[in-house]
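Engineer: Pasting in a structure now, in structure tokens, and then I'll have a few things to ask.
The values are calculated or read from the model by the stated rules, or taken from the named source; none is laboratory data. Not measured: the values here are computed from a predicted model. Methodologically, a virtual Cβ is constructed for each residue, glycine included, from the backbone with ideal geometry; neighbour enumeration extends over all protein chains shown.
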Amino acid sequence: MRGFYRMIAACTVGTAILSAPALAGDSTPRVDTRQENQKERIQQGVSSGELTRHETRTAIEGQRHVNRMENRATSDGVVTAKERLRLEHAQDRQSGLIYGLKHNNRDRN
């Protein structure tokens, strides 16, 4: 009977450990929404010709940087206020970069 209770306890702990990353992903819905919006802005810039290949690559690398920051912030299952603030700041900078790249005098020919 002891073995049965140990197995139940192990399953419970295993489920909690495996579900923590899934729950952590939901702790930054604002970041996820902004990432999607910025991705769409980049795609729109590519389709309209406002972004050159190099500018597109630069914008995508910036998005990857923010994604890595978010992954590090959510890796322990808790996003602190300081981490959230850093993510917001990185996204603000990325948004400004996208705007600047789309509104400069370079177009894809």
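Engineer: Do we have residue 104 as over 12 Å from the mean Cα position of the chain (by Cα) and surrounded by fewer than 17 Cβ atoms within 10 Å (Cβ to Cβ) here? Spell out the reasoning first.
Structural biologist: Numbers: over 12 Å from the mean Cα position of the chain (by Cα): yes; surrounded by fewer than 17 Cβ atoms within 10 Å (Cβ to Cβ): yes.
It is true that residue 104 is over 12 Å from the mean Cα position of the chain (by Cα) and surrounded by fewer than 17 Cβ atoms within 10 Å (Cβ to Cβ).
Engineer: Only one of (1) out of contact with any Ser or Thr (no Cβ under 7 Å at 6 or more places or on another chain); (2) within 23 Å of residue 106 (Cβ to Cβ); (3) of a type in the set (A, V, I, L, M, F, W, C) is not met by residue 42, so which one is it?
Structural biologist: Unmet condition: (1).
One line per residue, one yes/no per condition, for (1) outside any helix (DSSP H, G or I); (2) at pLDDT below 60; (3) more than 15 Å from residue 94 (Cβ to Cβ); (4) among the β-branched types (Val, Ile, Thr):
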position: 10; (1), (2), (3), (4): no, yes, yes, no
position: 15; (1), (2), (3), (4): no, yes, yes, yes
position: 38; (1), (2), (3), (4): no, no, no, no
position: 45; (1), (2), (3), (4): no, no, no, no
position: 51; (1), (2), (3), (4): yes, no, no, no
position: 61; (1), (2), (3), (4): no, no, no, no
position: 64; (1), (2), (3), (4): no, no, no, no
position: 67; (1), (2), (3), (4): no, no, no, no
position: 76; (1), (2), (3), (4): yes, no, yes, no
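Engineer: Select from region 52-109 the residues that are small (Gly, Ala, Ser) and free of Cβ contacts under 8 Å to residues at least 24 places away in the same chain and list them in ascending order. I'd like the intermediate steps shown before the answer.
Structural biologist: The first filter runs over region 52-109 and keeps only residues small (Gly, Ala, Ser), leaving 59, 62, 73, 75, 77, 81, 90, 95-96, 100.
Answer for region 52-109, where residues must be small (Gly, Ala, Ser) and free of Cβ contacts under 8 Å to residues at least 24 places away in the same chain: 81, 96, 100.
Engineer: Would you call residue 71 more than 11 Å from the chain's Cα centre (by Cα), modelled with pLDDT of 95 or more and assigned to a helix (DSSP H, G or I)? Full working, then the answer.
Structural biologist: Working: more than 11 Å from the chain's Cα centre (by Cα): no; modelled with pLDDT of 95 or more: yes; assigned to a helix (DSSP H, G or I): yes.
When the stated conditions are applied, residue 71 does not pass them.
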